[in-house]
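Reviewing the structure listed below.
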């Protein structure tokens, strides 16, 4: 009987300590998730004819923090860091690839656009490298920055058809995370338009050689 009472006391003491320990833990602050979604391009009449088809968009090559979903920031004169309690909705390579796929699919000048997850038949592949996708401080103000490299490749022969560097920046209206994300939205819209125009220019050059 005595051992049973001791067991009950030990159980009650354990429950009390457990509940007490739980109450001492700080509440976890929710992490806000941000995404980037392209807006459909408005084309003039006659510009919506299909000019480039069968293009596969690959995830860009990225290393270290660029392969994750952190919102990266480089304070002036300091090394790369991250925005606290804020993340992208997907890893940066996936975010970049999916944005570009959607932007091309929304543009009537392109058709049969796919990505490297579906692996449907394609005539061309867009290979890219992501060297920077971060907020950098310049004279006390954050600037959204993207740097990388693009290669348009023949999907069958693997020959490089065209290649070019990609570098864009967009100042943020303030230091708030929301303002920085808005700057990235403008940056991605500009990058998407630049890439689409480049792809069409390359296509026209290829056709003129035939």
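Exposure proxy for 180, 31: other Cβ atoms within 10 Å of each Cβ, ordered fewest to most, give 31, 180.
Listed from fewest to most Cβ neighbours within 10 Å, the set 99, 70 follows the order 70, 99.
Gyration tensor analysis over the Cα atoms of the range 88-133 returns equivalent ellipsoid semi-axes of 20, 13, 11 Å (largest first, whole Å). When the alpha-carbon atoms of the range 50-209 are used, the pair Rg, Dmax equals 16.6, 52 angstrom. Just how far, in whole angstrom, is the range 152-200 from the range 97-111 if you go by their alpha carbon centroids? The distance from the Cα centre of the range 97-111 to that of the range 152-200 comes to 13 Å.
Read the figures in this text as sums done on the coordinates, not as results from a lab. The model shown is predicted, which means the values in this text are computed figures rather than measured ones. A quick note on method: Cβ atoms are made from the backbone with ideal geometry, for glycine too, and the neighbour counts reach across all protein chains shown.
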